[in-house]
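Trainee: Pasting a structure here, questions to come.
Just so it is clear, none of the values below were taken in a lab; they were calculated from the coordinates. Keep in mind the model is a prediction, meaning the values are calculated, not measured.
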């Protein structure tokens with residue numbers, strides 16, 4: 001999948017916290033962009049920067065992320081299904 005393509009949401013059960021074992025609730029991390037907000041996206045490989053400091057992402061495999069937050073300790077865990 002490349003940037004700009006969408007993928008059907010993947011249903012996954014809420015994990016238990018790796019730090020304290022409590023339940024986790026699903027949410028998302030917001031990324032701010034020039035034209036608004038979007039959900040954080042995982043991009044394959046190391047970050048490469050262009051001349052103006054922006055990250056090069058065109059044509060690179062990407063996946064939307066799912067993030068879970070521990071209801072007890074606040075630990076965040078993200079997945080790119």
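Trainee: Work out, step by step, the length gained on full extension between residue 16 and residue 56: first 0.36 nm times the residue separation, then minus their alpha carbon distance; give nm to one decimal.
Mentor: The span from residue 16 to residue 56 would gain 11.0 nm if fully extended.
Trainee: Classify the chain as rounded, prolate or oblate, taking a ≥ b ≥ c as the square roots of the eigenvalues of its Cα gyration tensor: rounded when a/c is under 1.5, otherwise prolate if a/b is larger than b/c and oblate if not.
Mentor: prolate
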